[in-house]
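Written out below as structure tokens is the structure these notes cover.
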Amino acid sequence: MIRVGIGYDCHRLVEGRKLIIGGVEVPYEKGLMGFSDADVLIHAIIDAVLGAMHAPDIGVLFPRIPEYKGISSLKLLSKVADMIKGNGYEVEYVDSVVIAEKPRLFRYVKEMEKRISTVLAIEAEKVNVKATTTEGLGFEGEGLGISAQAIVTVRK
């Protein structure tokens with residue numbers, strides 16, 4: 001059986017935080033505000049995986065409790081990877097896009113794909129990360145935040 005899930009996340013850009021996207025620290029004057037490290041890409045991927053498994057969303061699975069305050073989203077993805085195996089699924093493919101006017105992310109995409117594939121224990125070729133802008137439109141285009149979308153295919 002093949003199932004597909006979709007995920008979306010967005011966070012506000014603020015001063016005084018590191019910018020972590022796809023498990024990679026990206027040099028920039030602002031970072032994303034959130035309870036964890038606010039990694040929009042990993043959060044979108046997690047929700048897509050959970051959706052494909054017909055599981056609750058990221059907020060239900062990882063509530064705002066001290067245990068998860070400031071946690072690396074790669075650690076959350078690792079917990080989800082354990083759920084995938086434990087429920088008899090395997091990830092077939094991850095396709096994702098990060099929407100940000102700045103900073104430009106193309107230099108970091110391959111490292112993001114590598115980190116995500118390592119945590120999910122799948123080949124790097126099964127993870128695709130793209131980055132795009134909104135040509136100045138919307139909150140991303142105005143530099144107020146960054147969003148991400150992901151589609152994940154799993155097989156049971």
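The values are calculated or read from the model by the stated rules, or taken from the named source; none is laboratory data. None of these values were measured; they are calculated from a predicted model. Here the Cβ is made from the backbone with ideal geometry for all residues, glycine too, and neighbour counts use every protein chain on show.
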Legend entry - Residues being of a type outside the set (A, V, I, L, M, F, W, C) and within 18 Å of S78 (Cα to Cα) - total across segment 129-154: 1
Legend entry - Meets criteria (modelled with pLDDT of 95 or more and either among the aliphatic types (A, V, I, L, M) or touching a Gly at 6+ places or on another chain (Cβ under 8 Å) (or both)) for T118: no
Legend entry - Filter pass, V129 being surrounded by 12 or more Cβ atoms within 10 Å (Cβ to Cβ), of a type in the set (V, I, T), modelled with pLDDT of 95 or more and more than 18 Å from G31 (Cα to Cα): yes
Inset, instruction - Taking I116 as meeting all but one of (1) over 26 Å from G138 (Cβ atoms); (2) not in a loop (DSSP other than H, G, I, E, B), write down the number of the exception. - result: (1)
Legend entry - K85 being over 13 Å from the mean Cα position of the chain (by Cα) and exposed (fewer than 14 other Cβ atoms within 10 Å of the Cβ): yes
Inset, instruction - Among the residues of segment 90-118, count how many are crowded, with 20+ Cβ neighbours inside 10 Å, under 25 Å from M1 (Cα atoms) and more than 12 Å from the chain's Cα centre (by Cα). - result: 1
Legend entry - In segment 18-57, the residues that are assigned to a helix (DSSP H, G or I) and in contact (Cβ under 8 Å) with a residue 40 or more places away in the chain: V40, L41, I42, H43, A44, I45, D47, A48, V49, L50, G51, A52
Inset, instruction - Restrict the check to segment 141-152 and report whether at least one residue is farther than 20 Å from V24 by Cα, modelled with pLDDT of 95 or more, over 13 Å from the mean Cα position of the chain (by Cα) and in a strand (DSSP E or B). - result: no
